[in-house]
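What follows is a short report on a single structure.
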Amino acid sequence: MRELGIPIDFAGGASMGAVVAGCVAMGWDDAEIDYRIRKGFVESNPLGDWNIPVVGMVKGHRVDARLKEHFGEAEIGDLELPFFAVSTNLTDGAYRVHRQGLLRRALRASIALPGILPPVIEQGEVLGDGSVLNYFPTDVMRELQRAANVVAAEYEAEYGRNPIVRVVAEAGGNNSGQGEHVQPPDGERSDHKCVGECEPQCRTRTCRCIGPACP
């Protein structure tokens, strides 16, 4: 988009997409984004602090440290661009949209991979990776900026295969259905109960099947 001279006035995403969007919202140029992503998430092995797998295979301390190193004490409301991140609320089975508060805290919730990173506890709610319920949140962007043109990119890579980049462009007000949205209607909550020491993982496996489309 920058190479084409297309202005970016709003950024958001889920999981690693939220981290990249956060970099854009910080006002960093492409070279700085590439440097920080490589240093923070590729070269430094942030998932290397192994743990006895009760709520996650790693402790998450390295991830916390990398997020603090690169995003510091930046508040979402003070970023150069409006920003949102999506996490999955494992307490009520709906996704959560972060629009305020500490940026690195919102990013940490959005990338809390089920069974890998421990979830984030905030105001009594258990928050995990946003991609569990809404991995391509163009619907959130449209809802927050109804008159905006939305451009979204999805990156997919498998070992031994060339990466796939899917780009979706939507004109303002066009609800084309791109992007997944399985939040229960009208704030409805799931009655499903999970118990045991692996409760967060159990909930992430079931909260995708909550809406009316579920069998």
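Quick notes on this one:
- Label-point gap, in nm, between Phe10 and Glu73 - each point 7 angstrom along Cα→Cβ: 3.0
- Distance between the pseudo-spin-label points of Lys59 and Glu3 (7 Å out from Cα toward the beta carbon): 4.2 nm.
- Calculated on the Cα set of region 14-133, radius of gyration then Dmax: 13.6, 40 Å.
- Relative contact order of region 1-143, pairs being alpha-carbon contacts under 8 Å that are 6 or more residues apart, as %: 28
- For Ser15, the amide hydrogen comes within under 5 Å of the amide hydrogens of Val86, Gly130, Ser131, counting only partners 5 or more places away or on other chains and with H modelled in the peptide plane.
Bear in mind that the values in this text are calculations on the coordinates, not laboratory data. Just so you know, these numbers come straight off a predicted model, no measurement behind them. We place every Cβ from the backbone using ideal geometry, glycine too, and count neighbours over all the protein chains shown.
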